[in-house]
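Here's the structure, in structure tokens; my notes come after.
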Amino acid sequence: MDWSLWRPREETLATIKELLQDALIPDSEIQKDVQTKLKNLEIVEDFTYYLLYIVGQTHFSEEIRSLSGILLKNNIAAVYNKLPQDSIIKIRQLCLMLLRDPCRDVRASISNVIYTLAKYNLNTWPELIPFLVKSFETPDEYSEVALTTLFSVCEEMMNLEKSEEEICTITKEVFPKFVDFLVDEKCDKKQNIIKLINQFLQDHYKVMKQSIDMTKYLRSVIQLADTDDLDMQKYICHTFVMYIEYREECLLPHLHDVIMYLMVKTQHEDLEVALGACEFWLAVTKLSNCKEILTPYIDKLVPILLKNMKYSTFELIALKDTLRVEEQNEDSSKDTFPFHMHDKRITRDDDSFSNEDGDFLGNCDDVDDFYVGWTLRKCSAASLDAIAVKFGEDILPLIVPFLNELLYHQDFLIKESAILALGAISEGCINGLKPHLPYLVEYLIHSMNDDHSMVRVITCWTLSRYVSWIINSQPSHSVYFIPVMTILLKHFMDDNKRVQRAAISAFCVFQEEAQMQLIPYIDLILEGFQLGFQKFNYRSLYLLYDAINVLALSVGSELSKPEYIEKLMPPLMQKLNEYNNYSDDQFIAVLECLANIIPSLDAGFLPYSEVIYTQCMEIIMDTFMADANFQENLNGFDPPDKEPMHVALDVLYSMAVGLKSYFYKYVTNSNLVCLLYTTMQDCSFLIRQSSIALYGELVLICYPYLSSSVGDYIKLIIKNLDECYEGVCKNAAWVIGKLTAVMGAEIRPYVPEILTAFINILRNPTVSRAMHQTVSVSLCTLCCVCPDITLTDSDTVLKNCCMSLRSLKDSDEKDLAFRGLCQVVVRHPNFCQNNFMYFCDAVASWNSVKPDLKDIIKNILVSFKEQCGEMNWMQFYGQFPELLKLQLFNLYGV
């Protein structure tokens with residue numbers, strides 16, 4: 001409908017006016033009737049025009065007009081894509097006129113209409129921003145709504161994730177005006193301006209740096225810092241945090257004043273203000289010159305952080321239901337949360353015990369229930385942790401006197417905060433603390449029996465921070481190893497659930513560090529686990545699965561003894577039967593646990609294998625059926641949850657790894673291989689990842705059975721050599737290496753495609769080192785089987801291969817890869833001229849090399865030396881580190 005030809009029909013106009021009047025009546029029955037009639041009117045083609053007409057007519061009441069504006073905003077959001085472009089243009093023009101309406105409520109409703117219109121395509125409304133900027137700069141009664149509209153447009157632009165170019169267009173025009181406006185005494189929107197600028201600085205720093213004068217903005221914020229408004233104080237603290245995070249040099253002249261200001265605010269009675277200020281200290285610790293910056297203030301800062309590590313009233317209220325004895329209480333639904341076991345099945349080469357930066361915060365969240373969130377206590381502890389890392393033992397003379405007093409304080413909450421502080425400084429101050437640790441560990445063991453559950457919880461965590469010293473400091477396990485292990489196992493049975501969970505989490509860390517030293521105590525540990533199965537619910541049970549997983553990874557096949565399996569498997573199988581529902585998180589958790597421990601059980605898992613295999617195959621088939629139904633009738637069925645199928649594939653993979661040749665009968669007596677052909681093409685990268693890993697294990701176990709169809713599967717595997725999906729790609733590269741080893745020259749038809757994919761990955765500097773290593777091993781294996789392969793960009797490819805292979809432990813896999821590497825190095829003399837040092841470094845990585853391979857490598861080294869000539873060789877050889885020279889001489893006599 002053309003807006004220029006539109007005229008209101010009096011009868012319809014009267015109906016809508018009457019409806020709007022009824023909408024103002026505070027009666028529930030009338031309101032229901034209004035909503036019904038509004039829905040009927042929404043299908044009227046020109047309802048939008050009527051609403052806009054009513055808003056613009058001053059003879060209607062202000063209430064009717066503003067309500068019409070509210071409905072107009074919702075209506076435009078619903079029908080925008082159906083409106084003709086000329087109508088949209090006309091609506092925009094009228095809205096800009098109405099933004100200067102005498103009625104404040106009408107202006108407010110039209111402001112919402114404008115930002116609704118703007119969010120769809122701001123680029124086609126070039127006059128909007130200049131109009132709003134000009135309006136808010138004009139000191140009259142309409143400037144406030146113009147500024148509010150600008151805020152809304154800018155915030156909406158951020159929510160819609162517009163391109164940097166679009167954002168830059170607006171910020172360059174608008175934000176310098178905002179900064180100027182901050183110094184205007186009449187401006188009553190300074191808080192909103194700072195909040196908005198901070199949001200954009202946080203999300204679009206580079207764009208904002210081009211758009212505003214950062215020095216000018218900082219000066220304006222500093223001038224506003226002396227305010228009693230709590231929200232303003234939070235925004236000002238946030239500004240200072242971002243300036244230090246982004247290393248803004250303009251902060252340097254003001255740094256002393258900013259630090260003094262933030263030390264005061266870190267002690268503010270309002271916890272949100274204090275938290276905002278405390279973030280600054282955490283940000284400073286990420287700077288290389290952190291120690292230099294904080295040294296003049298550290299003696300005042302540390303006591304503040306220690307004081308803030310005491311539980312706040314808010315936290316105590318949030319945790320109040322978890323402080324009592326809970327032995328008879330069932331976990332509520334809020335006590336359950338996603339399971340996060342260590343998982344080395346995701347890809348072939350994952351480090352099972354990675355210890356990422358920021359692990360401190362993750363552990364803190366495990367100790368303090370997740371629904372408390374990020375608090376001043378946690379931020380202060382994290383800041384102290386990071387400061388201790390930067391200052392090292394130099395900070396101990398400052399901290400120790402406080403700890404000596406606080407660890408024995410009568411107030412258990414203060415004592416608890418001191419134990420938290422002791423854990424926080426563990427990484428940074430461990431060397432300086434070693435003389436005191438015998439006493440401190442005894443203190444912590446004693447504190448595990450404290451009457452207050454909060455003290456027991458944090459003691460578990462702090463013990464976990466010192467497990468490396470506890471386990472490795474004494475030759476006799478009886479001094480610290482056994483007492484700490486047994487006290488943690490004892491508190492698996494604690495009557496408080498938070499203590500249970502803290503003890504299990506700490507025990508996981510203990511096991512990770514102890515590794516094979518756990519072997520004499522496996523029986524005792526499993527007895528603790530058995531008691532846990534009888535007592536735990538939900539969250540504690542999830543963590544118990546975690547602990548079982550870590551034990552299996554730590555002791556490996558030592559867990560396969562019949563007496564251990566008899567203690568471990570029956571309760572797991574019982575849990576699996578209890579939760580025999582694929583969509584149940586508990587069922588998935590048990591399957592995940594099985595997937596992690598089966599490789600350690602070896603053939604000891606055989607008595608349970610048939611039941612588990614059948615169950616996993618049923619899950620896969622049921623998921624296939626549900627997916628087929630969904631694809632046939634998208635509206636009639638929900639898409640299936642594929643997580644159970646993913647876990648089932650992982651369990652089958654683990655069975656193949658653990659049972660080895662015993663798994664053969666399951667493969668030949670089922671349609672597993674056919675199912676893998678489908679799952680290897682699934683849209684879910686996790687399904688493909690697990691399927692390819694499982695197929696790779698089948699190649700090792702029963703290649704003759706697979707050989708007739710292997711060509712079809714290789715094509716799928718090559719398609720998955722996509723570095724965008726790293727786990728899938730690594731598994732695919734690993735399987736190609738295994739196929740190459742068993743197929744020999746039969747793999748030649750697929751070599752061109754494989755080489756193209758491998759070389760692209762090795763030339764890509766953004767992929768991970770683990771990916772490069774997997775691809776390098778498979779590529780060199782391919783070169784061994786097909787020695788006439790010619791590589792493009794041989795310098796880069798072979799250099800990466802040498803760097804990757806040097807990290808491998810001695811193995812048959814490494815032996816085969818090095819034979820291929822030697823073949824290809826000989827065939828690419830240019831590499832020998834440019835990057836031969838990398839080859840020398842790689843061949844020196846062997847501890848014990850097979851005699852025939854040693855001769856091959858030695859011949860290459862001697863040949864290169866002879867080609868260089870004595871003088872050039874000595875110059876080349878002189879660049880080598882002494883350790884490398886020694887290793888080459890010891891291994892190859894060169």
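Details
- Relative contact order for the stretch 488-538, counting Cα pairs under 8 Å that sit 6 or more residues apart, in percent: 39
- Each Lys and Arg Cβ is given +1 and each Asp and Glu Cβ -1; about its Cα centre, the chain then shows a dipole of about 2060 debye.
- Net charge dipole size for the stretch 526-679 [Lys, Arg +1 and Asp, Glu -1 on Cβ; Debye, nearest 20]: 420
- One decimal place: the segment residue 124-residue 867 gains 260.5 nm when fully extended, by the rule 0.36 nm per residue minus the C-alpha distance.
- Relative contact order of the stretch 223-290, pairs being alpha-carbon contacts under 8 Å that are 6 or more residues apart, as %: 38
- FRET efficiency for residue 703 and residue 811, using Cβ-Cβ distance with R0 set to 22 Å, rounded to 0.05: 0.70
- Spacing of the two label points (7 Å from each Cα toward its C-beta) at residue 630 and residue 748, in nm: 4.5
- Since only 530, 583, 510 are under comparison, the one whose Cα sits farthest along the positive direction of the charge dipole of the chain, derived from C-beta charges on Lys, Arg, Asp and Glu, is 510.
- The angle between the Cα long axis of helix 271-284 and the longest principal axis of the Cα atoms of the chain comes to about 50 degrees, rounded to the nearest 10.
- Trypsin sites (Lys or Arg not before Pro) within the stretch 789-880: DSSP coil, no more than 14 neighbouring Cβ in 10 Å: 809
- For the pair residue 159 and residue 78, a Förster radius of 22 Å applied to the C-beta separation gives a FRET efficiency near 0.75, rounded to the nearest 0.05.
- Proximal aspartates and glutamates to residue 310, defined as alpha-carbon separation beneath 14 angstrom and excluding residues fewer than eight positions away on the same chain: 269, 368, 411, 416
- A viscosity of 1.306 mPa s and a temperature of 10 °C, combined with the Kirkwood radius over Cα pairs in Stokes-Einstein, give a translational diffusion coefficient for the stretch 434-559 of 110 µm²/s.
- Size descriptor, Kirkwood hydrodynamic radius, that averages inverse alpha-carbon separations across the stretch 590-635, Å: 12.5
- Between helix 190-203 and the chain there is an angle of about 30 degrees, using the helix long axis and the longest principal axis of the Cα atoms.
- Added length on full extension, which subtracts the Cα-Cα distance from 0.36 nm per residue, residue 889 to residue 618: 91.7 nm
- For residue 441, net neighbour charge (Lys/Arg +1, Asp/Glu -1) across residues whose Cβ lies under 13 Å away: +1
- Burial order of peptide ranges 395-408, 228-241 (average beta-carbon count within 10 Å, highest first): 228-241, 395-408
- Its Cα gyration tensor gives the stretch 711-854 an equivalent ellipsoid, and the semi-axes of that ellipsoid, as √(5λ) in whole Å with the largest first, are 22, 17, 15.
- The ellipsoid equivalent to the alpha-carbon distribution of the stretch 3-52 has semi-axes of 23, 11, 8 angstrom, derived from the gyration tensor eigenvalues as √(5λ) and listed largest first.
- Using θ = phi - 60° in the Karplus curve 6.51 cos²θ - 1.76 cosθ + 1.60, the 3J(HN,Hα) couplings for the stretch 296-313 round to x, 10, 4, 5, 8, 6, 4, x, 5, 4, 4, 5, 6, 7, 6, 4, 7, 4 Hz; x is entered for Gly and Pro.
- When the pairs 850/885; 90/119; 378/575; 561/738; 730/865 are compared against a 26 Å limit on Cα-Cα distance, 378/575; 561/738; 730/865 fall above it.
- Here is the size of the stretch 496-543 from its Cα atoms: Rg then Dmax, 11.2, 31 Å.
- Using the rule -39500 (n - 2.57) for each DSSP H run of four or more residues, divided by the residues of the chain, the 222 nm mean residue ellipticity is -22000 deg cm²/dmol.
- Farthest towards the positive end of the charge dipole of the chain, among the residues 884, 630, 49, is the Cα of 884, using unit charges on the Cβ of Lys, Arg, Asp and Glu.
- In order along the stretch 496-506, the phi-based Karplus estimate (6.51 cos²θ - 1.76 cosθ + 1.60, θ = phi - 60°) of 3J(HN,Hα) comes to 9, 5, 5, 5, 3, 5, 5, 5, 5, 4, 5 Hz; Gly and Pro are listed as x.
- Extreme residue, positive dipole direction of the chain, given options 706, 844, 38 (C-beta unit charges): 844
- Simple spin-label estimate for residue 712 and residue 5 in nanometres, 7 Å along Cα-Cβ: 6.2
- In sequence order, calculated HN-Hα J values of the stretch 407-422 (Karplus, 6.51, -1.76, 1.60; Hz; x Gly/Pro): 5, 10, 5, 5, 6, 5, 5, 5, 4, 4, 5, 5, 5, 4, 4, 4
- A straight Cα-to-Cα reach below 17 Å connects residue 162 with the aspartates and glutamates 173, 203, residues fewer than 8 places away in its own chain not being considered.
- Overall, the stretch 751-894 carries a charge dipole of about 220 debye about its Cα centre when +1 sits on the Cβ of Lys and Arg and -1 on the Cβ of Asp and Glu, all other atoms neutral.
- Based on Cα contacts under 8 Å between residues 6+ apart, the stretch 1-64 shows a relative contact order of 34 percent.
- Distant-in-sequence amide H partners of residue 894 (H built 1.01 Å from N, under 5 Å): 889
- Taking 15 Å as the straight-line reach from the Cα of residue 291, the aspartates and glutamates in range (excluding those fewer than 8 positions away in the same chain) are 299, 385, 393, 394.
Since every read-out is calculated from the coordinates, none of them should be taken as a lab result. Quick caveat: nothing in here was measured; it's all calculated off a predicted structure. Please note: Cβ atoms are built from the backbone with ideal geometry, for glycine as well, and neighbour counts cover all protein chains shown.
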